[in-house]
1. Identify the residue in segment 284-316 that is among the basic types (K, R) and under 48 Å from the mean Cα position of the chain (by Cα) and, among all such residues, is most open to solvent (accessible area, probe 1.4 Å).
2. Name the one entry in S169, S137 that is of a type in the set (S, T, Y) and surrounded by fewer than 17 Cβ atoms within 10 Å (Cβ to Cβ).
3. Which of the following residues is touching a residue at least 12 places away in the same chain (Cβ under 8 Å), within 21 Å of V28 (Cα to Cα) and of a type in the set (K, R): K101, K146?
4. Evaluate segment 81-98: report whether one residue or more is in a loop (DSSP other than H, G, I, E, B) and farther than 13 Å from R56 by Cα.
5. Go over the candidates L95, L68 one by one and state the one that is surrounded by fewer than 19 Cβ atoms within 10 Å (Cβ to Cβ), touching a helix residue (DSSP H, G or I) at 6+ places or on another chain (Cβ under 9 Å), closer than 27 Å to Y238 by Cβ and aliphatic (A, V, I, L, M).
6. Given Y238, Y243, which one is of a type in the set (S, T, Y), at pLDDT 95 or above and either in a helix (DSSP H, G or I) or under 30 Å from G175 (Cβ atoms) (or both)?
7. Return yes when K148 is of a type in the set (D, E, K, R) and surrounded by fewer than 16 Cβ atoms within 10 Å (Cβ to Cβ) and no when it is not.
Amino acid sequence: MWPSYQDEHEFNAHLVCRMCCMDERDRVQKKTFTKWVNKHLMKVRKHINDLYEDLRDGHNLISLLEVLSGIKLPREKGRMRFHRLQNVQIALDFLKQRQVKLVNIRNDDITDGNPKLTLGLIWTIILHFQISDIYISGESGDMSAKEKLLLWTQKVTAGYTGVKCTNFSSCWSDGKMFNALIHRYRPDLVDMERVQVQSNRENLEQAFEVAERLGVTRLLDAEDVDVPSPDEKSVITYVSSIYDAFPKVPEGGEGISATEVDSRWQEYQSRVDSLIPWIRQHTILMSDKSFPQNPVELKALYNQYIHFKETEILAK
């Protein structure tokens, strides 16, 4: 239902506000999707500056699909409009062959640089190649990729104070969700007590910087997320990149609770602290090449080695 308006001015004001929100959403999506495309194109030493312009001839689009699929595709080498349309069509046909649904996207839409449909095409590619393969223990067969990613996020961040994930928009504005995701896997890099008192912008900057050090391309900017309702597709794209970067709980495993993360990390560090000197000590012993000449002593040394290999190493 359309809301009721007091007069024409109120209706126009609402319309302008709505259009501004849509323009802002498209701006953020364009920036995020451009970074995502470049993350993959850099593998073949290519780069785009403008998502709408640099996909028009189809060459970068074909290169992107080749990187994502590992399949070599044909392409037209000419520069006329006909060749551009042909290259874009090659890309669209390839997606259709992989059962990717392309709703109302034609080759001339991309060749003409249509903003909405170019964003729609890249989002479709992201869904197919990055998000559709997500697997979560306990998922139901009819869950969408977005629902699976949400379930993974909820499981990973369960138990963290002040963190509750019900969507991929407003729940991420304060940056706590991003930091909780990272803390679950790398508690040495994030202080969750500090996260609770920092500003939204500080939390977001911290999470993006730490994630980048862990190999997650910085697809988002803090100022674009520190708003009441960040762009959902942009957040999903980034969160799925975090999912790809971090290890998964093995089938049948439950992982550990949020309250155990820090204590288990301390236990791990303690074990490492005792393991390192043990390794150094035995490296020196194993480097000794002065073997006894007496057969009885030599056999005794061999038996010590067998015991070391089958007992002590296994224990460590």
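The values are calculated or read from the model by the stated rules, or taken from the named source; none is laboratory data. Predicted model only: the values in this text are computed from it and were never measured. Here Cβ is always computed from backbone atoms with ideal geometry, including for glycine, and neighbour counts include all displayed protein chains. The area values use the complete protein model at the heavy-atom level, side chains included, leaving out ligands, DNA and RNA. Shrake-Rupley method; radii C 1.70, N 1.55, O 1.52, S 1.80 Å.
1. Going residue by residue through segment 284-316, those that are among the basic types (K, R) are 289, 299, 309, 316.
So of that shortlist, the ones also under 48 Å from the mean Cα position of the chain (by Cα) come out as 309, 316.
Numbers: K309: 92, K316: 119 Å².
Among those that are among the basic types (K, R) and under 48 Å from the mean Cα position of the chain (by Cα), it is K316.
2. On the way: S169 fails: surrounded by fewer than 17 Cβ atoms within 10 Å (Cβ to Cβ).
Only one candidate qualifies: S137.
3. Values: K101 fails: within 21 Å of V28 (Cα to Cα).
The match here is K146.
4. yes
5. Working: L95 fails: surrounded by fewer than 19 Cβ atoms within 10 Å (Cβ to Cβ).
It is L68.
6. Details: Y243 fails: at pLDDT 95 or above.
On inspection, the qualifying residue turns out to be Y238.
7. On the way: of a type in the set (D, E, K, R): yes; surrounded by fewer than 16 Cβ atoms within 10 Å (Cβ to Cβ): no.
Spelling it out, it is not the case that K148 is of a type in the set (D, E, K, R) and surrounded by fewer than 16 Cβ atoms within 10 Å (Cβ to Cβ).
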